[in-house]
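Notes follow the structure.
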């Protein structure tokens, strides 16, 4: 057995065992605390609501374990099972040029993987989400969304993959630097284009009409020095009863978006507090910091890929008989999560740090007690567990656990 194959198998087994162990910890911890609402929430959340959140969390975590098993099998099928190699040979038989062949192979891998995972996505939507009363999507809408996503993958994916493979083929030893620059430019373009051109393909966005709430929000924006291209309500309820709010876009194309489900459940003062939290991310430049982090990680990743693609054993050790730039890129994208999983606690910690900073900003610009009330409502309506396993949370949760976050806000409000 080749060294690359051995490293791959060991990394795959360790990553799977780590995820499975974390899942079991989460299930055990949530069930152990299912019978009693945490003291700080006893007068805000009923036992029935707490137990629904526990059951929902356990169901999703168990489903996540199944997803892990399926993911391992798919990865093995593509690599050591010869899936990528077989697909590569099929496309090579058409005698297209290298770039067309590479784009074809990469898109085929993405589309086939998506097709394989489609039943799991349907199960999550129409069984788990339906069982707990969150799913509002019809089967026809589910299929329509899938078709739209596939079409977008083709429309957006073909040009960017063509450019990347062209650069890898023609830019010599420094190709990775050119690819990095193009990829970062493309990512920024998508951030700018998403709210105005992509999101409306899936949802309807209507301007906020509530004059009192609009005035309250506009005053908040003025205090915070934030300018946007509008305040919109998104019809999130046509797919799910989960609520959320966010701002998106870059430059003058920034938008503030509220799910209709959120506005239906919150009072104006609570909505203002939630928005103040989102604006806290803007004031602390969290988006820019995340873009910078992504840029650094992407640059490092491309540098590593540049080294690996020169090694014949990288291909043969992972089930590919003929070396090429596009198969190297496919293999790298498939294998890198097995190693980057150990960085998850770092990124989760940074994300939670940003959430604390945004909460502090919201407490200063709005009302901490109102934000607490809004968060408690969101915990109830989204069936978010109040008692996650600390280690599982450290790996997977971008937001602080509910008791920790509420305690921090209570302190910020004093």
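Which FRET efficiency value, to the nearest 0.05, do you get for residue 229 and residue 138 by plugging their Cβ-Cβ distance into 1/(1 + (r/R0)^6) with R0 = 22 Å?
For R0 = 22 Å, the calculated efficiency reads 0.10.
At 0.36 nm per residue, minus the direct Cα-Cα distance, what do residue 410 and residue 77 gain on full extension? Give it in nm, one decimal, please.
Full extension of this stretch gives 114.8 nm more.
Pairs of Cα atoms under 8 Å, at least six residues apart: use those to get the relative contact order of segment 192-289, whole percent.
29 percent
Given contacts defined as C-alpha pairs under 8 Å and at least six residues apart, what's the relative contact order of the chain, whole-number percent?
It rounds to 23 percent for the chain.
Would you mind ranking 370, 25 by Cβ crowding within 10 Å, fewest neighbours first?
25, 370
Listing 241, 46, 93 from the residue with the fewest other Cβ atoms within 10 Å to the one with the most, what is the order?
93, 46, 241
Gain in length, residue 312 to residue 107, computed as 0.36 nm per residue apart minus the alpha-carbon separation, to one decimal in nm?
Computed gain between residue 312 and residue 107 is 71.4 nm.
Can you list the residues of segment 357-386 with backbone N under 18 Å from a point 7 Å past the Cα of residue 43, pointing along Cα to Cβ?
The answer is 368-377, whose backbone nitrogens lie closer than 18 Å to the label point.
Per-residue ellipticity at 222 nm for the chain, helices alone: DSSP H runs ≥ 4 residues times -39500 (n - 2.57), over residue total, nearest 500 deg cm²/dmol?
My calculation for the chain gives -23000 deg cm²/dmol from helical runs alone.
Label segment 76-119 by shape, choosing from rounded, prolate and oblate, from the square roots a ≥ b ≥ c of the eigenvalues of the Cα gyration tensor; if a/c is under 1.5 it is rounded, and otherwise prolate applies when a/b is larger than b/c, oblate when it is not.
oblate
Could you tell me whether segment 191-271 comes out rounded, prolate or oblate from its Cα gyration tensor? Rule is a ≥ b ≥ c as square roots of the eigenvalues, rounded for a/c under 1.5, then prolate if a/b exceeds b/c, otherwise oblate.
oblate
Indicate, rounded to the nearest 5 percent, the antiparallel portion of the DSSP beta bridges found entirely in the chain.
65 percent
State, as an integer percentage, the relative contact order of segment 240-344 based on alpha-carbon contacts under 8 Å between residues 6 or more apart.
14 percent
Starting with the fewest neighbours, write out 254, 353 ranked by other beta-carbon atoms found within 10 Å of each beta-carbon.
Ascending number of Cβ neighbours within 10 Å: 353, 254.
Between residue 63 and residue 212, 0.36 nm times their residue separation minus their Cα-Cα distance comes to what?
49.4 nm
Readers should treat all values here as calculations from the given coordinates under stated rules, not as data from a laboratory. Here the structure is a predicted model, which is why all the values come from computation and not from measurement. Here the Cβ is made from the backbone with ideal geometry for all residues, glycine too, and neighbour counts use every protein chain on show.
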